[in-house]
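Shown next, in structure tokens, is the structure this report addresses.
A short reminder: the numbers here are calculations on the coordinates, not readings from a lab. Just so it is clear, the model here is predicted, and its values are computed rather than measured. Cβ placement follows ideal geometry from the backbone for every residue including glycine, while neighbour counts extend to all protein chains displayed.
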Amino acid sequence: MDVQVSAHAKRRMQQRGVTPAFLQKLLDCADIEAFSTDNCRLYRVSKSRAREIGDDKLARYAAIFSDNTSRIVTILPVLAGRRGALYRRKH
């Protein structure tokens, strides 16, 4: 998946140490796609898929894609517990 990245997402990537190459790998390997808020979709890699690939860091981040603007609007860490429940799905 080759997409544009918003200025906000670029800022969050820099703050979180996420490189464009890592984002591309996350999008290419994402096995979880979930509808999020405000006409957005969340893409992330499950823990089991990340282990198969050999990169556990992939399971720790998610990318939010806006259908309205056709770009990545933010990158966020996948948090444990109730704080991360909105962006996490059980399989």
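Listed values, structure above:
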{"quantity": "Among LEU27, ILE75, CYS40 the positive-end extreme of the charge dipole of the chain (Cβ point charges)", "calculated": "ILE75"}
{"quantity": "Assigned charges on the beta-carbon of Lys, Arg, Asp, Glu; the range 20-76 dipole about Cα centre (debye)", "calculated": "180"}
{"quantity": "Local electrostatic count, ARG49, Cβ distance below 11 Å [Lys/Arg +1, Asp/Glu -1]", "calculated": "-1"}
{"quantity": "Charge context of ASP28, other residues only, Cβ under 14 angstrom, K/R +1, D/E -1", "calculated": "-2"}
{"quantity": "Net charge, SER70 excluded, C-beta distance under 13 Å - Lys, Arg +1, Asp, Glu -1", "calculated": "0"}
{"quantity": "Whole-number percent relative contact order across the range 4-78, with pairs defined as alpha carbons under 8 Å at least 6 apart", "calculated": "34"}
{"quantity": "Estimated translational D of the range 4-78 in µm²/s (Stokes, Kirkwood radius over Cα pairs; 20 °C; 1.002 mPa s)", "calculated": "176"}
